[in-house]
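Notes follow once the structure below has been shown.
The values are calculated or read from the model by the stated rules, or taken from the named source; none is laboratory data. Owing to the predicted nature of the structure, the values given are computational and were not obtained by experimental measurement. Counting neighbours? That spans all protein chains shown, and the Cβs are built from the backbone with ideal geometry, glycine included. Calculation scope for accessible area: heavy atoms of the full protein, side chains included, ligands and nucleic acids excluded. Shrake-Rupley method; radii C 1.70, N 1.55, O 1.52, S 1.80 Å.
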Amino acid sequence: MDTHSSPEQAYKIGILLIDGFALMSYSSVIEPLRAANLLGKNHLYKVDHIAIGNRHETISSSGAAIHATASISDHHDYDLILVVAGGDPSSFDDEPTFQWLRNKARHGVRLGGVSAGPVILANAGVMKGYRMTVHWEHAAALSENTPTLLLERSLYIMDRDRITCAGGVAPLDMMHALQSEIHGPEFARKVSDWFIHTDVRPSGNPQRSGMIERYGTHHPAIIQTLEIMENHIADPLSLKQLALLSSISPRQLNRIFIAKIGQSTMSVYRNLRLEKSYNLVRQTVLSLTEIALATGFSSSAHFSKAFQEKYGSPPSSYRQDIQSKA
């Protein structure tokens with residue numbers, strides 16, 4: 001992972017708008033990018049508004065039109081493509097768009113969805129094995145139509161090269177996390193302060209109080225590090241990377257975890273990943289290999305060994321118990 005160094009070249013984002021998108025969700029994505037370009041010394045972000053086919057604009061749910069600056073038929077390179085949608089995303093059935101998204105996924109482009117945008121990504125077939133979220137309005141239908149999805153009720157989820165967000169004002173929190181990753185937490189705070197968004201929420205906002213109660217500490221470095229861990233379950237970071245993103249030295253971070261929680265930083269991280277894997281074993285039909293990859297283990301053998309050390313039995317035994325009760 002490229003931690004918060006200031007890139008010489010602008011970070012290129014393509015925003016694919018689908019008719020009926022909500023202006024609130026869109027604004028919460030685009031405004032932090034505008035502010036970052038204003039506050040940064042360089043032009044940090046280059047943004048394209050991508051239209052489908054030969055259309056020149058996309059219409060929001062309130063009737064506002066956003067002019068297109070690119071098309072899916074263009075050959076632009078992007079660091080991130082965000083699909084912003086609303087309304088009834090299940091009615092969107094444009095195969096060229098789905099093929100375009102699949103092609104971008106094959107070439108390693110980071111893909112994201114906002115509000116109903118994650119439904120578009122799921123229907124394009126690019127969310128298999130990735131944790132994801134979506135606006136609550138669409139969650140039940142998406143879960144019923146595609147029960148194998150790793151769907152969670154969070155504000156946003158950053159899982160490897162996928163980003164999904166519930167929409168509304170939640171993209172402000174998501175963009176804070178993204179800008180922290182790219183340019184560092186200090187600069188991200190400047191952008192959030194620009195919008196008087198001083199109480200930035202973690203990806204799973206209902207989980208924040210749970211973290212405090214569970215670990216018995218309000219220490220900001222621990223809470224921030226736990227939030228970073230939650231956003232990097234499938235692609236675990238090193239202690240050095242966690243410390244860098246939390247603006248603290250690795251030695252000091254580890255000292256705080258041991259003093260406040262009684263475990264090393266990486267032990268807590270490993271337990272978080274194993275707890276996530278436990279839920280996936282019990283609640284999904286994913287193979288153990290898929291679960292191992294989704295929770296950051298290099299192989300199913302490594303995963304099974306770590307799982308058994310924590311829970312006393314291999315994951316296969318839990319899967320057999322569930323099947324026998326079904």
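Brief remarks on what is shown
- Output for the range 174-224, where each listed residue is open to solvent by 20 Å² or more (accessible area, probe 1.4 Å), at pLDDT below 90, under 30 Å from TYR45 (Cα atoms) and not in a helix (DSSP H, G or I): ILE196, HIS197, THR198, ASP199, VAL200, ARG201
- When the range 149-160 is filtered for residues that are over 8 Å from the mean Cα position of the chain (by Cα) and assigned to a loop (DSSP other than H, G, I, E, B), the ones remaining, listed by number, are LEU149, GLU152, ARG153, SER154, LEU155.
- Any chance ASP74 is within 23 Å of ASP161 (Cβ to Cβ), surrounded by fewer than 16 Cβ atoms within 10 Å (Cβ to Cβ) and out of contact with any Gly (no Cβ under 7 Å at 6 or more places or on another chain): yes
- Among helices (runs of 4 or more DSSP H) entirely within the range 225-326, having at least 2 residues that are at pLDDT 90 or above and surrounded by fewer than 18 Cβ atoms within 10 Å (Cβ to Cβ) singles out 239-245, 250-260, 265-283, 300-311.
- Residue list for the range 4-63, filter: more than 20 Å from the chain's Cα centre (by Cα), among the polar types (S, T, N, Q), surrounded by 14 or more Cβ atoms within 10 Å (Cβ to Cβ) and within 26 Å of GLU137 (Cβ to Cβ): THR58, SER60, SER61
- Within the range 124-144, tally of residues that are more than 13 Å from the chain's Cα centre (by Cα) and either basic (Lys, Arg) or farther than 21 Å from ILE291 by Cα (or both): 9
- Any hit, the range 44-54, residues being farther than 18 Å from TRP194 by Cβ and touching a Lys or Arg at 6+ places or on another chain (Cβ under 9 Å): yes
- So VAL29, is it in contact (Cβ under 8 Å) with a residue 24 or more places away in the chain, part of a strand (DSSP E or B) and among the β-branched types (Val, Ile, Thr): no
- So GLY87, is it touching an Asp or Glu at 6+ places or on another chain (Cβ under 9 Å) and of a type outside the set (S, T, N, Q): yes
- ALA166 of a type outside the set (S, T, N, Q), over 10 Å from the mean Cα position of the chain (by Cα) and open to solvent by less than 10 Å² (accessible area, probe 1.4 Å): no
- Applying the condition of being more than 23 Å from the chain's Cα centre (by Cα) and small (Gly, Ala, Ser) to the range 68-86 and asking which residue is modelled with the lowest pLDDT yields SER73.
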